[in-house]
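These notes are about the structure you will find just below.
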Amino acid sequence: MSWVELTAHELHEALKKKSVSAKELVNAFYARIESVEKGVRAYNTLTQKEALAQADRIDRAIARGETIGPLAGIPIALKDNLCIEGIRTTCSSKILDNYRPPYDATVVSHLKKAGAVFLGKTNMDEFAMGSSTENSAFEKTKNPWDLSRIPGGSSGGSAAAVAASEAAAALGSDTGGSIRQPAACCGVVGLKPTYGRVSRYGLVAFASSLDQIGPLTKDVTDTATLMNVIGGYDPSDSTSADLPMPDLTRALTRDVRGVRLGVPKEYFIEGMDPEVEASIGQAIETLKKLGAEVKEISLPHTEYAVATYYILATAEASSNLARYDGVRYGYRTPQARDLLEMYMKSRSEGFGPEVKRRIMLGTYALSSGYYDAYYKKAQQVRTLIKRDFDEAFKTVDVIVTPTAPTAAFRFGEKTADPLQMYLSDIFTISVNLAGIPAISLPGGFTKDGLPIGLQILGRAFDEERVLRVAYTYEQAAEFHKRRPSLS
Amino acid sequence: MKYEVVIGLEVHAQVFTESKIFCGCSTRFGQPPNSQTCPICLGHPGVLPVLNRKVVEQGIRMGLATHCKIAPYARFARKNYFYPDLPKGYQISMYELPLAEHGHVEIAVDGKLKKIGVTRIHMEEDAGKNLHEGIEAASHVDLNRAGVPLLETVSEPDLRSPEEAVAYLKKLREIFVYTGVSDADMEKGNFRCDANISLRRLGDPKFGTRAEVKNMNSFRFVQKALEYEIARQEKILEEGGKVVQETRLWDTKSGMTFSMRSKEEAHDYRYFPEPDLVPLTVDQKWIDEIAATLPELPEAKRRRFVSDYQIPEYDAVILTGSKALADFFEAAVKAYPKPKIVSNWVMGDLLRELNNENKEIDQAPIRPEQLGAMLKMIDAGTISGKIAKTVFEEMYRSGADLEKIVQEKGLVQVSDESALGGVIDEVMAANPNEVAGYRAGKEKLLGFFVGQVMKRSGGKANPGKLNELLKQKLQG
Ligand SMILES: [Zn+2]
C-alpha cells in the first residue's frame, strides 16, 4: 500500500516514527493527483507552494523533536467554499472565479494551527447547490468507483478526492446532505455535525440556518480527529454553540450494547433501490448482533421535509447571494451602461442556471403577499420536523437510515428534472432542518461495485454516540477498507 | 384650513459607540474613504456579524428614556435591496420584533404639554456612501459608514403641525444627547428624519393618503418641507384630486418636494429573520442596570431647576439645554449659592464667549468652581462687579488662576482710606468750580466726582467707601 492510500491517523503514526516526512507525503499526494486527476477532476485549485512550505515547517518541528499533533503534516483538501487568505476561492462559480479572500475561515485557522497541509480547493456544485457536482461552472468531477457516474454533491470534489486518495481527508459543507450524500456515493465517511458545533465563519453561505462544515475521511477515526480540531465555540459565529468540545476520539470504543437504534418507517419508501434497502437491512442486523436494540419509530412529517427545505434554503440563499453584485469583488460584466444593467448582466452572466433557479424560488417565497404562505409556513413545518426527532429520541439513542435512495447515478441522469435531483437528498434533508448530527459511512456495495451509504443520526451535540455506533459498525463490517481501482 | 395635518416621523440617529454594530471597525467620522473597514463590513463572502452589546445597551437606554416597553425577546431581520453602498445586498435591521415599543415623548404646544407616541425603536446598521463628485465616468463607494450603528425611532402619527414636528424632533434630539446615546448632530448626518404626512377633513376619523418625505437635513428644512407638503396636498384636495401614496424628496434649492417613487415602484424589502444572529433576549436585570445609569432627563431637570433654584423658566430651559451645561451651573451654584446670579453669568458671559469660539460647554477653559470663587470676591468687596467682567475675560482667555489675575493685574479694589483720600484730594484740587457748586447745594455733582475718582483709580475704587469718603471731604 502506498502512502496516499492510508488514513490520516495511519499517516500520523508514520510521521511520528519518521518513516516518512511531511514533504514526502505532500509530494506523494501531488504525484497521485497528477496520475488520477485527469479522470477524477476533484480539484479546482492546487496550492503546491503553500503545501510544501507548511510541510517544511512540520518537518523542522519533527526534526527538533517536538511532539506533533494528529493533523500535523497531514495533507487535506478543502471544499472551494471555505476561505483561505490569499487563495482563490470560487464556490465553483464564474462570479467568484478570481476571488481571493482577505481572511481565513475559523476552521482554516484551526487546521493551520494544527499543522495540517492544504493540497488545494475541491470542486463542488456552484454555491453548494446540487447533489451531483454537475452544477459546477468548471469541471465535472467523476466518481472514482465508476468514472461514468457522479460523485454526489455538493461536496463531490472533496468526497472524490478522499476516495481517489488524492487527499488524506477533506472538509466539505452540508446544507441538505452535501457531505453525507457524496460520502455515500464515493464510499467514504462524512459527518454533518450538529448545527452550531463547527463555526461557519469563513464558509461562503448558502443557507445560513442549515449550513455546517464537516469532515470527509477514509474512516470514522479520522472524522473524530478532524472534528476535534475544527469543532468548538467561536465568538465570530453567533450561531456557534458555547459548549465544551469533547475529545471525540475517546468515544470510539467498539461497543453498542444496549444502544437503542431507531428505524424510521417513513424512510423505507417505494422507489428505493432494492440493493440499498438490502444493505441497510443487513447493516441493522449487524448492529443488532453487536448488541444494539432495534426499534421501529415514526417521523411523521418526513414527507414535508423536501418542500420545507427548498423554501427555507432558497429564501436564505436569495439573500446570501445578493452580495455578488459586481461592485466590490468577483465578476463584473465588461459592458454595462448604467448601474441596473451592471447588476443584471453581472449576475446573469456570473451565476449558473441552478443558482438562478434557487434565487428566484427564494425571492418568490419571501415576497410580500407570499411570505406567510411559504416562508412562514415552512418555518412552522420545520418546527414540527424538529419535534418529530425530539419525540423519537425519547425512545431511541440513534436513528439508522440509508443516506440516499440509490447509489451514484450516471451523469445527466437527473439534470433534466430538478425535482428528481432534489429527491436525492430526501434522507439527508430532515437532519439539517432539525439541526442534529448525522454521519454517512460505507454500508455495503451494489453488485456493480458502487458504494452504499449508511446514515446514523443522533441527538443534538451527541456526536459522541453517533461516532461510537459508526465506529463499531465500521470495525465489524470493514467496508471502509475497500479502495476504488483507478489508474 | 378645513384640513387637519397628520404627521408621523421616523428618525435615524447614529448610536454613540467606539466600534461598529457587527464588527470591530471604528465609527470615527471624517476618515479617508474605506479606511474604517474590514471583511465583515465590506460584505465579503463567508463573513458573519457579531452583535456589539453596547448598541443594545444604548437602545435600551433610549427606550427607557422615552418610556418604552423593552422587548424581552427581539430579533434582527434582513431588509433586502440592491444598492452599491449596501455591501451585502441587505441591511441588518429589525422588523417584527423591535427592541422597544409603546413609549412617548412630551412636547410643549402653546404652553401645554402634549404626549407624542413612540411606536417603536429598533437597531440597524448604516449603509456606506456613494461618491460622484470629481470622478469622471465612474462612481466610487466609501464604506466607512457601513455598519455604523443606528437607532430608528418611529413616532405615532400624533403630530398636527410642522411646528409640533420640529418640537418633537428637538425633544428627541435632546433626549439622545442627554442620555449619551447619540450626539444627534444633524450636520454630520448623525440625526436624520423622514416624515409621513397626510391631510384629512376636520372631524374625519380616517387618515388621508400619506406621502413620505425624505432628505430634510436640518430642523429648518423639516419645517419648510412639511409646510410645502401641506400646501401641496391641500391644493390637490381642494381641486378635488387625490393625494398619491409615494415617496418624495425635499429639494433645498427649490424649496419643493419631488416624487421619487410611487407605491407601485416601492421596494419589496423581503424582510425575514436574520439567520446569522441568534434572537436577542433582554432580561429584567439588564434593563434595571441600565435604568440605574439613566441620567435625570431634561424635563425633570428643568422642573427641578425652577423649584429648587428659584430661577425663571426661561433660564431653566437654557441651562438644561445640555447635560454638561446643567452640570456646570449646578457645580457653580455649589461654590456660590446664589443661583440667579450664577445663571446670569453662565447664560451671559460664559455662553457668549463659548458661542464666539463655536465651543461647547465641556470645552470651556473655566471651571465652575472658579466662577463661584470670582462671584464670592465681588461679595467680599475684593473686586468690583465691573472689574469682575475683566477678570472673567482674563480667566477665560489665559486659564490662569483667579487670585493671580486679580493680584498681578492690580485689580484689587482700593478701599484703603488714605489711598482713596489722596485721589479725592487730587480730583477736588483739579475741579474747584465743581467743589464750590456742590457746596452751594448742587448735590447731583457727587456723581461727577465718583466718575472722576474711578477714572483716576482705573475703576478699582471700592464704590461704597468712595461715596462715604467723598461726601465727608466735599462737605469740608
Ligand atoms: Zn468592519
Problem set entry | Footprinting exposure proxy for A:LEU243, B:LEU42 (fewest neighbouring C-beta atoms within 10 Å first) | A:LEU243, B:LEU42
Problem set entry | Fewest-first ranking of A:SER158, A:SER430, using other Cβ atoms within 10 Å as the exposure measure | A:SER430, A:SER158
For this session: Sum up the charges of everything whose Cβ sits under 13 Å from the Cβ of B:ALA430, counting Lys and Arg as +1 and Asp and Glu as -1, but leave B:ALA430 out.
Result: -1
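Kindly give the semi-axes, whole Å and largest first, of the ellipsoid equivalent to region B:240-365, taking each as the square root of 5 times a Cα gyration tensor eigenvalue.
Numbers: eigenvalues 393, 149, 47 Å².
Each semi-axis is √(5λ); the values are 44, 27, 15 Å.
Counting only helical runs of four or more DSSP H residues, what would the 222 nm mean residue ellipticity of chain B come to if each run contributes -39,500 (n - 2.57) and the total is spread over all its residues? Could the numbers behind the result be given before it?
Numbers: 16 runs with 186 residues, N = 476.
So the calculated ellipticity at 222 nm is -12000 deg cm²/dmol.
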Problem set entry | Over region A:3-259, relative contact order from alpha-carbon pairs under 8 Å, at least 6 apart, % | 18 percent
Seminar exercise, completed: Rounded to one decimal in nm, the spacing of the 7 Å Cα→Cβ label points at B:VAL244 and A:GLU5 is 7.6 nm
Problem set entry | Net charge of Cβ neighbours under 12 Å - reference A:ALA168; Lys, Arg +1; Asp, Glu -1 | -3
Exercise. For peptide A:230-239, how many partner chain Cβ atoms fall within 10 Å of a residue's Cβ, on average?
Worked result: 3
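D for region A:303-379, whole µm²/s, Stokes-Einstein with Kirkwood Rh over alpha-carbon pairs at 20 °C and 1.002 mPa s: what number? Before the final figure, lay out each step's value.
Working: Rh = 13.4 Å.
It comes out at roughly 160 µm²/s.
Using C-alpha positions alone, give me the convex hull volume of the protein assembly as shown per residue in cubic angstrom. Don't skip to the answer; put the middle values down first.
On the way: hull volume 232.6 nm³, N = 963.
Looking at the protein assembly as shown, the number lands at 242 Å³ per residue.
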Problem set entry | For chain A, size of Cβ-based charge dipole, Lys and Arg +1, Asp and Glu -1, in debye | 680 debye
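Counting other C-beta atoms within 10 Å, and keeping those with at most 12, which DSSP coil trypsin sites (Lys or Arg not before Pro) do you find in region B:171-235?
Numbers: sites: B:LYS171, B:ARG173, B:LYS188, B:ARG192, B:ARG200, B:ARG201, B:LYS206, B:ARG210, B:LYS214, B:ARG220, B:LYS224, B:ARG232, B:LYS235; in loops: B:LYS188, B:LYS206, B:ARG210.
Passing sites in region B:171-235 are B:LYS188, B:LYS206.
Please compute, over every Cα-Cα pair in region A:1-91, the percentage with a separation greater than 17 angstrom. All intermediate terms of the calculation are to be shown ahead of the outcome.
Numbers: 2117 of 4095 pairs.
When all Cα pairs of region A:1-91 are counted, 52 percent exceed 17 Å.
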Seminar exercise, completed: Among B:ILE236, B:PHE76, B:HIS44, the residue whose Cα sits farthest towards the positive end of the charge dipole of chain B (+1 at Cβ of Lys and Arg, -1 at Cβ of Asp and Glu, taken about the Cα centre) is B:ILE236
Exercise. What shape does region A:3-259 take by its C-alpha gyration tensor, where a ≥ b ≥ c are the square roots of the eigenvalues and a/c under 1.5 counts as rounded, a/b above b/c as prolate, and the rest as oblate?
Worked result: rounded
For this session: If a/c stays under 1.5 just call it rounded; otherwise compare a/b with b/c (prolate if a/b is bigger, oblate if not). Do that for region B:1-95, with a ≥ b ≥ c from the square roots of the Cα gyration tensor eigenvalues.
Result: prolate
Exercise. With point charges of +1 on the Cβ of Lys and Arg and -1 on the Cβ of Asp and Glu, referenced to the Cα centre of chain B, which listed residue (B:LEU420, B:VAL342, B:VAL15) lies farthest in the positive direction of the dipole?
Worked result: B:LEU420
Problem set entry | Highest to lowest packing among B:374-385, A:355-366, scored as the average C-beta count within 10 Å | A:355-366, B:374-385
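Ordered by packing density, taken as the mean number of other Cβ atoms within 10 Å over each peptide's residues, highest first, how do B:24-30, B:321-327 rank? Let's see the in-between values first.
Working: B:24-30: 14.7, B:321-327: 18.6.
With the highest mean Cβ count within 10 Å placed first, the list reads B:321-327, B:24-30.
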Seminar exercise, completed: In region A:1-79, the GluC sites (Glu not before Pro) that sit in a DSSP loop and have at most 16 other Cβ atoms within 10 Å of their own Cβ are A:GLU66
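Which of the three applies to region B:88-136, rounded, prolate or oblate, going by the alpha-carbon gyration tensor with a ≥ b ≥ c and a/c under 1.5 meaning rounded?
oblate
Any chance you could tell me what percent of the C-alpha pair distances in region B:324-476 go past 18 Å?
Numbers: 7174 of 11628 pairs.
The calculated P(r) of region B:324-476 puts 62 percent of pairs beyond 18 Å.
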Seminar exercise, completed: Taking the reciprocal of mean 1/r across every pair of different Cα atoms in chain A, the Kirkwood radius in Å is 22.2 Å
Problem set entry | Ascending count of other beta-carbon atoms within 10 Å, so fewest first, for B:PHE221, A:PHE127 | B:PHE221, A:PHE127
For this session: Enter the Cα centre distance for the pair region A:445-460 and region B:255-272, rounded to the nearest angstrom.
Result: 53 Å
Exercise. How much mean residue ellipticity at 222 nm does chain A get from its helices, if each DSSP H run of length 4 or more adds -39500 (n - 2.57) and you divide by all residues, to the nearest 500 deg cm²/dmol?
Worked result: -11500 deg cm²/dmol
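What is the sum of charges around A:LEU361, taking Lys and Arg as +1, Asp and Glu as -1, for the other residues whose C-beta is under 12 Å from the C-beta of A:LEU361?
Details: positive: A:LYS356, A:ARG357, A:ARG358; negative: A:GLU316, A:GLU354.
Here the charged neighbours net out to +1.
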Exercise. Which whole-number percent is the relative contact order of region A:303-379 (Cα, under 8 Å, 6+ apart)?
Worked result: 43 percent
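Bear in mind that the values in this text are calculations on the coordinates, not laboratory data. Model, not experiment: these values are computed from the prediction. Note that each Cβ is placed from the backbone with ideal geometry, even for glycine, and that neighbours are counted across all protein chains shown.
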